[in-house]
1. Express the accessible area of the range 179-224 per residue in Å², computed with a 1.4 Å probe while the remaining protein chains stay in the model.
2. In whole percent, and with a 1.4 Å probe on the protein chains, what portion of the accessible area of the range 228-273 is carbon and sulfur?
3. When the Debye formula is applied to the Cα atoms of the range 188-296, each taken as the same point scatterer, what base-10 log of I(q)/I(0) results at q = 0.18 Å⁻¹?
4. Calculate one ³J(HN,Hα) per residue across the range 100-114 by plugging θ = phi - 60° into the Karplus curve 6.51 cos²θ - 1.76 cosθ + 1.60, and present them in order as whole Hz with x for glycine and proline.
5. Which pairs in the list LYS218/LYS267; LYS170/LYS218; LYS76/LYS218; LYS76/LYS231; LYS219/LYS295; LYS170/LYS271 are over 32 Å apart, alpha-carbon to alpha-carbon?
6. Quick one: what do you get for the range 150-229 if you divide its Cα Rg by 2.2 N^0.38 Å?
7. Using a 10 Å cut-off on Cβ atoms, rank the peptides 277-285, 259-267 from the highest mean neighbour count down.
Amino acid sequence: MLLLAGCGKDDGTGVRSDGAASGSGTGSGSGTGSGSGLANQDLGGTTNDPQVLKAVADYKTWVVAEVGGLVADTAKFTDAVRAGDLAEARRQFAPSRVRWERIEPIAGLVEEIDGKVDARVDDFEGPADPQFTGWHRLEYHLWKLSSTKDTKPFADQLDADIATLDAQIKTLEFLPAAVALGPAELIEEVSEGKITGEEDRYSHTDLSDLDANVDGSKKLFELLTPALQAKDAALTSEVTAGFAAVGKSLAPYANPDGTFDSYTALKAGDKTRMQAELAGLSERLARIPGVLGLKG
């Protein structure tokens with residue numbers, strides 16, 4: 001199998017720096033997890049195409065940098081939580097998730113991280129279940145309970161888990177098939193999850209997550225475009241048009257400061273149109289592995 005391997009007051013700084021703490025949370029995220037769908041797919045397709053291999057290498061470089069930024073973005077959020085600053089913690093929630101949402105399929109391949117940081121309450125006995133950790137546990141406290149009380153352990157745990165991701169992503173083997181499947185995985189996540197508003201059910205920041213998923217998928221597609229263009233120019237054009245359509249539909253809900261309107265502002269007609277656009281884009285992106293000869 002052809003693989004590309006990696007190179008070889010309390011503010012929570014100690015937790016972030018060593019990443020050694022590991023919580024007891026074992027939420028699987030099954031059914032409502034984020035980007036772990038790749039773990040259940042055949043990733044055995046191999047290639048000697050230099051353009052595909054360059055895309056894989058460039059994607060790994062980008063992902064490693066994104067995770068590095070994720071550590072810092074998450075710290076801004078968790079520091080506000082630990083400081084008891086409810087308003088600032090709420091402001092930092094959506095921005096802290098952007099880089100995670102961009103790289104969900106690959107990040108989900110790091111064992112247990114997806115379930116620990118991004119599982120929804122559906123996977124647990126209830127919102128008070130100690131196994132329920134990560135962003136959405138903190139989201140529940142910040143919006144549903146309107147409080148930062150008793151949140152420090154979950155903030156510390158989120159820092160530790162993201163630090164683990166940062167350490168492990170550098171040595172994760174990026175399979176060409178996984179990279180080729182990534183764009184469709186991200187858009188499928190949007191069309192079946194984010195667009196329904198089920199994920200960020202307390203904060204209603206789903207449109208921010210949706211935009212980040214689309215952004216991550218588009219980045220992957222752009223890296224694969226030279227290889228794809230050489231084999232199927234028509235498909236390349238169709239996918240490009242699909243991304244443009246989704247971007248146009250999302251634009252009215254974007255704000256100048258980079259934030260997005262609440263999911264509750266999404267009009268029914270816009271939601272229906274976006275669902276159709278996303279479904280069509282997902283179908284086209286799903287053809288990429290086959291076109292590139294990466295189906296096992």
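1. Working: 1150 Å² over 46 residues.
On a per-residue basis, the range 179-224 sits at 25 Å².
2. Details: 1480 of 2570 Å².
Of all accessible area on the range 228-273, carbon and sulfur atoms account for 58 percent.
3. -0.87
4. 4, 5, 5, 10, 3, x, 6, 4, x, 7, 7, 3, 6, 5, 4
5. Working: LYS218/LYS267 24 Å; LYS170/LYS218 22 Å; LYS76/LYS218 26 Å; LYS76/LYS231 44 Å; LYS219/LYS295 21 Å; LYS170/LYS271 37 Å.
Pairs exceeding 32 Å: LYS76/LYS231; LYS170/LYS271.
6. Details: Rg = 15.8 Å, N = 80, 2.2 N^0.38 = 11.6 Å.
My calculation over the Cα atoms of the range 150-229 gives 1.36.
7. Values: 277-285: 21.1, 259-267: 16.0.
With the highest mean Cβ count within 10 Å placed first, the list reads 277-285, 259-267.
The values are calculated or read from the model by the stated rules, or taken from the named source; none is laboratory data. Since we're looking at a predicted model, the values are computed, not measured. Every residue, glycine as well, gets a Cβ built from its backbone with ideal geometry; the counts of neighbours run over all protein chains shown. Each accessible area value is taken on the protein alone, full model and side chains, heavy atoms only, with ligands, DNA and RNA left out. Shrake-Rupley method; radii C 1.70, N 1.55, O 1.52, S 1.80 Å.
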